[in-house]
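One structure is given below, encoded as structure tokens.
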Number of protein chains: 4
Amino acid sequence: MDTLPEQRDIQQHLLDSYRLVRKHTESICAPLQTEDYVVQPIGDVSPPKWHLGHTTWFFETFILVPNMDGYRVFDPHFDYVFNSYYETVGARVIRTDRGNLSRPTVAEIFQYRKYVDAHIEQLGSLDSKNGLWDILELGIHHEQQHQELLLMDIKYILGHNPLFPMYSNEMVLDELEVVREVPVAFSEGAYWIGHKGKGFCFDNEKGRHLVYLDTFEIAQHPVGNGEYLEFIQDGGYTDFRFWHAAGWDWVNKNHIKAPLYWHFMDGQWMEYGLQGIHEVDPKKAVCHISYYEAAAFAAWSGKRLPTETEWEVASEQIKWGHRWEWTESAYLPYPKFKKAKGAIGEYNGKFMVDQMVLRGASVATPKGHSRKTYRNFFQTDRRWQFSGLRLAK
Amino acid sequence: MDTLPEQRDIQQHLLDSYRLVRKHTESICAPLQTEDYVVQPIGDVSPPKWHLGHTTWFFETFILVPNMDGYRVFDPHFDYVFNSYYETVGARVIRTDRGNLSRPTVAEIFQYRKYVDAHIEQLGSLDSKNGLWDILELGIHHEQQHQELLLMDIKYILGHNPLFPMYSNEMVLDELEVVREVPVAFSEGAYWIGHKGKGFCFDNEKGRHLVYLDTFEIAQHPVGNGEYLEFIQDGGYTDFRFWHAAGWDWVNKNHIKAPLYWHFMDGQWMEYGLQGIHEVDPKKAVCHISYYEAAAFAAWSGKRLPTETEWEVASEQIKWGHRWEWTESAYLPYPKFKKAKGAIGEYNGKFMVDQMVLRGASVATPKGHSRKTYRNFFQTDRRWQFSGLRLAK
Amino acid sequence: MDTLPEQRDIQQHLLDSYRLVRKHTESICAPLQTEDYVVQPIGDVSPPKWHLGHTTWFFETFILVPNMDGYRVFDPHFDYVFNSYYETVGARVIRTDRGNLSRPTVAEIFQYRKYVDAHIEQLGSLDSKNGLWDILELGIHHEQQHQELLLMDIKYILGHNPLFPMYSNEMVLDELEVVREVPVAFSEGAYWIGHKGKGFCFDNEKGRHLVYLDTFEIAQHPVGNGEYLEFIQDGGYTDFRFWHAAGWDWVNKNHIKAPLYWHFMDGQWMEYGLQGIHEVDPKKAVCHISYYEAAAFAAWSGKRLPTETEWEVASEQIKWGHRWEWTESAYLPYPKFKKAKGAIGEYNGKFMVDQMVLRGASVATPKGHSRKTYRNFFQTDRRWQFSGLRLAK
Amino acid sequence: MDTLPEQRDIQQHLLDSYRLVRKHTESICAPLQTEDYVVQPIGDVSPPKWHLGHTTWFFETFILVPNMDGYRVFDPHFDYVFNSYYETVGARVIRTDRGNLSRPTVAEIFQYRKYVDAHIEQLGSLDSKNGLWDILELGIHHEQQHQELLLMDIKYILGHNPLFPMYSNEMVLDELEVVREVPVAFSEGAYWIGHKGKGFCFDNEKGRHLVYLDTFEIAQHPVGNGEYLEFIQDGGYTDFRFWHAAGWDWVNKNHIKAPLYWHFMDGQWMEYGLQGIHEVDPKKAVCHISYYEAAAFAAWSGKRLPTETEWEVASEQIKWGHRWEWTESAYLPYPKFKKAKGAIGEYNGKFMVDQMVLRGASVATPKGHSRKTYRNFFQTDRRWQFSGLRLAK
């Protein structure tokens, strides 16, 4: 069966996107030294070379292997090196963490990328079967997610090196300055929530449905470093009354005194950024805080975090986009949520427990990857993502 | 100022309740040996003698000390032995877990109870100030909560002893038999949720509000052991597709193969109950499962857990009451939730993170302590509470 | 075959010892409350009721079961409750630590003791086979070792209770006062080491052999609290130069600042003793220190610990007996060491690794249980035993 | 004061040695990929780049800084990156493990080596003060020790990579084949032990002294893989009777079934070597076993390990040199052991606890670095060193 002209356009567009996204991933890595690709200082942080391999493995495994006759995998060992759900098979039991693997080398992984890219270029001549193009689109968005993870992980690796190396001078990010303006008010009623229209979205955004909301107010900007410094100076980290019980344990067990990457040096709060260490700027939105910290700040300020529903309802009347914003909503399925069949169906559903939703987008989110219905999620103690907060009432 | 006659009645009623509740706690402990009061096999389980002391400490600290002139505390050390948020003060740093404390003895704690009870009896002659009677009511409900915890903890202590000692022969609990009947259906619309009326409720139930629900169906009975055995025999515990990622890790790390207290002996599934070890009865509702297990069972059955809203809406048309039922709702504040001032305000709010809501009541819940709006909560991996599940769609 | 008259005397003597030792164990426990028998604050410390059961289990398992026709064990479950090498058998996998077992009760264990004692009384009429009397003698010495362990464990249990309960008023121990006298000197040469003669000794003392020693001096008394306080005040615990690398890690990781049971209260060093809390007495020998502390003190004083050989050579010319004294010798087999066959052979040999030898005896050592050739042993970080040190050069 | 001609010769010889040793370290690293220099799969294993920096830091810190006027350190941060006793100073608390540091890069560390080497070349013109030449000699032997550590660590890094990469084809090591010959016998008497003569030795070998030995026999060769396979096949790893109690715990907790680097593949025992994976050769000496395994093998064979004294006495009549051999001696100071003053004095003394002595030398020991009096030492569970055993009786 022939492909229709309209379909051909869509396919061409997808292949263009593929090329751009693949190239962008490599440009993110351009400022790195070979050594930076290898290390894994904590379990959450993957070595950059793993991201390069894993995103490539996704296209090889779900596109090339099932669809391209005679395709030979680049290296059969890569299946358990780059599969995120790696379980060793057979008698050769070797326990390793990703950060302990010096091989395959960075150069070999770049060859792997080239090899897979070259084969993907030949897809245009294939029939559209097995939802091939849908999976290609998912793979592109998957790689965009890993682009943000790459920047999170690179920042962690360099920011936890005692030499505080700079990532890139060019990364002087043009961030919004936060302003304390009157909040926006919304009236009581039932509101529609969830993704609408034909554009791409993840399965967790689907199932548009009504949610009944009470009246609420929500701030126009996220909370700034200036306000956060007031919280610190007011003893916010040492007064249990502002904290969840689990948050208070976390603060004390880990000796938390400020956001991640903040260091008190010579009487001043400094912050490690991708361009190196610098003074905390009170006009920028606070970043790298956990849900526990966001909730404690809100309690201290006498307000609360918005729910994800409130955030989505308000999204067109507030300024958002340079921080992921913690909400007071747990990451749970929407009423009509359905998992896809097979491995792809595991994309989101199996993470819907023990996590909170963040809304918005960050300085590290790739262009074209943010939506007002996008549901990001992290566990309550995580803060290496670019996370801040916004107040509601 | 004199107390009004109506108030006097309420006070008399509260003192009557106080006496009954205090007596019931001690009757729960009657079948125990002295040694059973002392041990703490895991962090979640408190030694029974700690419950006896802690509930008493609550009345001493929040009622007697602030309201009764000249009251002398029974023993000043008890403040850090029985305070649930005990932090050692000063240079004498001694780390202890509750299960390592052989003193105060059980006999001393029973004396403590008598001493506090005798002083509470004198309250009737006091003016009602500082919300004294509200706090007494809260203390009574607090002790009822500990009555259920006592039974949970006693069962854990005896059920993890290799001798499997019986708790009580008389505790042949008259439980419902589960039946597989057609589910009850509900139509789309906005429903009122939360506590209503003058009776006692906890702060987390307050703030009645509307929730918009899609159509849904909910089972008339909780899931029975018979169905749960089918899940086990169908490989439910060994197929990752039914599980959340975190649940799958939990199953594998802890080698979970069945509900807590189940043992496969001589080719048969046996269950430890308060009356000793016996065969699993397929007609009884399954008990002692974690949220992960409840969600995996629901995924296996092609259905889902109800949300807490759906459960509350349906509560008058379904049979409930002998199992706490996991819901698909995270334990989060209701829209209008407000913390009380001071220590009492910490009663619930600070636990509203990283937990899921359970609805219903169990065989161990004291009479008069259950409500259709009651919000119980546990972390997703806990299962020493009397927890089961009900299916929805 | 008839028993010879001389043998009968030996047997009668052993039965007399048995009765005395069994009675003494129970007198050690007399001041305890039931609750004190149950807890296990750290892995090294066993609940007193376990010692009562385990020593009894030894006689039942190694004497009564193999030698007495028709003997019925008191309770077949006790084999895995009181066996120190308990491994659960079969499908009923229940992990427990000793301190989590509330059953069997203390009363039941005392019944167990009576039952076994009554059967041992009937031994006199038995033929001496299977080395029965040798094992009885070993069992008696085994129970004496547990008498010292009982006092160590009771002290730990009560001394880590925030109420600091007294064990016994009568236990005002008549300890030596330490004096700083000129050390005793010994000349170079080969010395005989190891047990000699017919009296009882453990297998690790056997194999008398020559050891070549250089000239050495050894103190007449152990180190006193007074000198140890000087070490503390001179910064002994904060200067890494005095410590082994592993000792320095141990000090910092565990925030060690003084011997176990010492507390700095209101500007003064206090010590928990079996009679309660009291001031540190500078004239008493320092107690409850680890090998790391003993070695650091010796380094600070410019001297060293004696080897176990030097200690044994000097033993008749120095005052010893109220502290176990750390030596600079690892616990290793003597040149001619041989393990006995079977379970009894495991008594000592399998512990000959990763431990250091202590010589002498302590206030808690039962009368008749000390010898100059006795080799006690503990790991380098342990200090709940009654351990001190003596200097050599 | 002028340097004497004889001294000049010694100095010239030392500078020649310096150049050779520094060059050899780099030749060991020649087969590595940049990525291999960075990782640290377990705490014991240091990243190769750390060894390169640390050995250089030793010369900079102890030779150049105190002796060369106007010397500027290469990078002041390197002091805490390459000091083996790194403790972060001040408020900037950043916890890192060596394997998390991607910077300094490998290239920067090679520049550091060049910089320090160039300055060392200028030493010849310096007066011999402060024991400069003694410390240079110590630094050379220190770097030789790290050459062996480098090979141990490289083997661990590559041998725990699921791709099993080869280190070097040229490293086909010409090892002795073991033969089962009659043991050598020695008579009873006092023997001299310890280093003698003018050559270099470490402080732990000094203090020559007499040791009295009983008659003993010792094998001419270390134990071979063939015999070790018999031990495995005879159930050596599953029979507790052969093991120390601590060894038995270690075996079970870590699921130990064979020496490190052994893998049972397709019905055959394979071994990872520096040239890749290959069959276990029964004629080669067994390697990579812990003290626990060595002692268990000896118990199984009905013999024992030699003491370090016996080994030294026998050293000229037995074949040794390609395996470090576990002895039955704890690593403790010789009778006359004295620590040097200052930082250098910590070289050995502070490790004299909780370790066992190994004698001999391995395939990875640099030429000229082995002596019959050399005392190597490791903890009882370590086995990434090239360790085997020899039997005695």
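The values are calculated or read from the model by the stated rules, or taken from the named source; none is laboratory data. This is a predicted model, so every value here is computed, not measured. Virtual Cβ from ideal backbone geometry, glycine too; neighbours counted across all protein chains shown.
Just a few scattered comments:
- Strands (runs of 3 or more DSSP E) fully within the range B:239-358 counting 1 or more residues that are away from chain A (no Cβ under 14 Å) and surrounded by fewer than 16 Cβ atoms within 10 Å (Cβ to Cβ): B:262-265, B:268-273, B:276-279
- Tabulated pairs, the range B:177-188, first surrounded by 11 or more Cβ atoms within 10 Å (Cβ to Cβ), second among the hydroxyl-bearing types (Ser, Thr, Tyr) and assigned to a loop (DSSP other than H, G, I, E, B), C-beta under 9 angstrom, 6+ apart or interchain: B:185/B:215; B:186/B:215; B:188/B:215
- The set of residues in the range A:1-45 being touching a Pro at 6+ places or on another chain (Cβ under 7 Å) and not in a loop (DSSP other than H, G, I, E, B) consists of A:24, A:29, A:36, A:37.
- Residue, modelled with the lowest pLDDT, within the range A:340-393, restricted to residues that are within 22 Å of residue A:178 (Cβ to Cβ) and of a type in the set (Val, Ile, Thr): A:363
- Of all positions in the range A:84-102, at least one carries a residue that is among the charged types (D, E, K, R), at pLDDT below 95, assigned by TED's automatic domain parsing to the domain that holds residue A:58 and buried (at least 18 other Cβ atoms within 10 Å of the Cβ).
- Pick from the range C:200-230, criterion under 30 Å from residue D:216 (Cβ atoms) and in a loop (DSSP other than H, G, I, E, B), ranking: nearest to the other protein chains (Cβ to nearest Cβ): C:214
- Test: residue C:21 is at the interface with chain B (Cβ under 10 Å from one of its Cβ atoms) and either small (Gly, Ala, Ser) or touching a residue at least 24 places away in the same chain (Cβ under 8 Å) (or both): no
- The C-beta contact set for the range C:118-142 (first residue closer than 13 Å to residue C:55 by Cα, second residue loosely packed, with under 13 Cβ neighbours inside 10 Å and at pLDDT 90 or above, distance under 6 angstrom, 6+ apart or interchain) is empty.
- Yes/no for residue B:33 being crowded, with 17+ Cβ neighbours inside 10 Å, within 14 Å of chain C (Cβ to nearest Cβ) and either modelled with pLDDT of 95 or more or within 17 Å of residue B:135 (Cβ to Cβ) (or both): yes
- Residue count for the range D:31-47 satisfying the condition of being out of contact with any Gly (no Cβ under 6 Å at 6 or more places or on another chain) and closer than 22 Å to residue A:109 by Cα: 9.
- Selection over the range D:151-184 of residues that are in contact with a Ser or Thr (Cβ under 7 Å, 6 or more places away or on another chain) and not in a loop (DSSP other than H, G, I, E, B) gives a count of 2.
- Of the candidates B:185, B:190, the single residue that is of a type in the set (A, V, I, L, M), over 27 Å from residue B:333 (Cα atoms) and at pLDDT 95 or above is B:185.
- Taking the range B:233-244 as the range and being over 27 Å from the mean Cα position of the chain (by Cα) and either under 16 Å from residue B:384 (Cα atoms) or not hydroxyl-bearing (Ser, Thr, Tyr) (or both) as the test, the residues that pass are B:233, B:234, B:235, B:236, B:239, B:240, B:241, B:242.
- Just one of the listed residues (C:167, C:191) is farther than 30 Å from residue C:61 by Cα, more than 14 Å from chain D (Cβ to nearest Cβ) and either of a type in the set (Gly, Ala, Ser) or in contact (Cβ under 8 Å) with a residue 60 or more places away in the chain (or both), namely C:167.
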